[in-house]
1. Restricting to segment 114-149, give me the number of residues that are in a loop (DSSP other than H, G, I, E, B), open to solvent by 20 Å² or more (accessible area, probe 1.4 Å) and under 15 Å from Lys63 (Cβ atoms).
2. Before we move on, is Ile167 over 17 Å from Ala291 (Cα atoms), open to solvent by 50 Å² or more (accessible area, probe 1.4 Å) and not in a loop (DSSP other than H, G, I, E, B)?
3. Any residue that is open to solvent by 60 Å² or more (accessible area, probe 1.4 Å), of a type in the set (A, V, I, L, M) and modelled with pLDDT under 85 - is there at least one of those in segment 101-113?
4. What pairs come out if I take residues in segment 289-304 that are open to solvent by 70 Å² or more (accessible area, probe 1.4 Å) and pair them with residues that are not polar (S, T, N, Q) whose C-beta lies under 7 Å away, six or more apart or interchain?
5. I'm told Ile178 meets every condition in (1) without any contact (Cβ under 8 Å) to a residue 12 or more places away in the chain; (2) not in a helix (DSSP H, G or I) except one. Can you identify the failing condition by its number?
6. Could you run through segment 231-254 and say how many residues are assigned to a loop (DSSP other than H, G, I, E, B) and among the β-branched types (Val, Ile, Thr)?
7. Leu254: closer than 24 Å to Arg100 by Cβ and either open to solvent by 10 Å² or more (accessible area, probe 1.4 Å) or free of Cβ contacts under 8 Å to residues at least 12 places away in the same chain (or both), yes or no?
Amino acid sequence: MSETTHDGGVAVTAPPSPDDGLSRADLAAKYGLTVSGARPGLFEYVHQLWGRRHFILAFSQAKLTAQYSQAKLGQLWQVATPLLNAAVYFFIFGLLLGAREGIPHHIYVPFLVTGVFVFTFTQSSVMAGVRAISGNLGLVRALHFPRASLPISFALQQLQQLLFSMIVLVIIMCAFGIFPALSWFLVLPALLLQFLFNMGLALIFARMGSKTPDLAQLMPFVMRTWMYASGVMFSIPAMLATKESVPSWVGDVLQWNPAAVYMDLIRFAMIDDYGSSYLPEHVWFIAAGWAVLFGVVGFVYFWKAEERYGRG
């Protein structure tokens, strides 16, 4: 197409583009373009995570190795830290405050150490989850990968750390006359359920912590309150038996809270004299319910914000 200008020259104009009038969405659809970093479908997201399984495992192992790399005792702190906590709790609650009431004295130390190790597993998973995104922004912004890989790998790191602690726990059990039995195999499904529960919590708090970094400062107080309400240092049924003024629903809340449930399962599996008087009925179903509920809800909740991690 051409036209004559005022000086006699000929100006050539471009023909109209076939894309004129199309919106950005129409243009993207026409040329097969997609939004960079867009959230994939839920099942596709699960498939991507499975494809990154080797990265998740290697990342968790690297974090575990580096955790105490600057300390002279190195990886021994993985076990020494919860043991020192247990020693402090034994002195304060077991000796000074009489929290051993209702628990045979010869099993109180195994009872206490088991509670400390198991609760620390959940506590550390939550605390690591809060910082999973906000503490790894360089990695999140530099590479494209399913962001759920980070909180899952941190929960897996805490599971590996707990397995080291379980070796020490076995030694403590034997020192107090509690020897391996077939019931100890129940620890495996109990830890698996707790891992699924912890993973769900880590995913939930990873999303919350990605936008609210100050949450990491608040969580130690929340976790400390949860620990005191979960029977780490005392038997909840024995404690409630002496408190006639406490409503029955309070006892139900304390006994059915997830941390108490998983501690009860492992104590029941490993400690001979920790029997049905302490273990609530249908506790395995409750443990499985908590694991499935938080595992699924946490995963979906985290996935919903996948495209927003590392932005802003």
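1. 1
2. Yes, satisfied.
3. no
4. Val297/Gly200; Tyr301/Leu203; Tyr301/Ile204; Tyr301/Arg207
5. Of (1) without any contact (Cβ under 8 Å) to a residue 12 or more places away in the chain; (2) not in a helix (DSSP H, G or I), only one is false for Ile178: (1).
6. Residues meeting the conditions: 3.
7. Spelling it out, Leu254 is indeed closer than 24 Å to Arg100 by Cβ and either open to solvent by 10 Å² or more (accessible area, probe 1.4 Å) or free of Cβ contacts under 8 Å to residues at least 12 places away in the same chain (or both).
Residues are listed down the side, and each one gets a yes or a no for (1) in a helix (DSSP H, G or I); (2) modelled with pLDDT under 90; (3) surrounded by 12 or more Cβ atoms within 10 Å (Cβ to Cβ):
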position	(1), (2), (3)
Val46	yes, no, yes
Ile56	yes, no, yes
Lys63	yes, yes, yes
Ala71	no, yes, no
Thr81	yes, yes, yes
Leu84	yes, yes, yes
Phe91	yes, yes, no
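The values are calculated or read from the model by the stated rules, or taken from the named source; none is laboratory data. Keep in mind the model is a prediction, meaning the values are calculated, not measured. Virtual Cβ from ideal backbone geometry, glycine too; neighbours counted across all protein chains shown. Please note that ligands, DNA and RNA were not included when accessible areas were found on the heavy atoms of the full protein model with its side chains. Shrake-Rupley method; radii C 1.70, N 1.55, O 1.52, S 1.80 Å.
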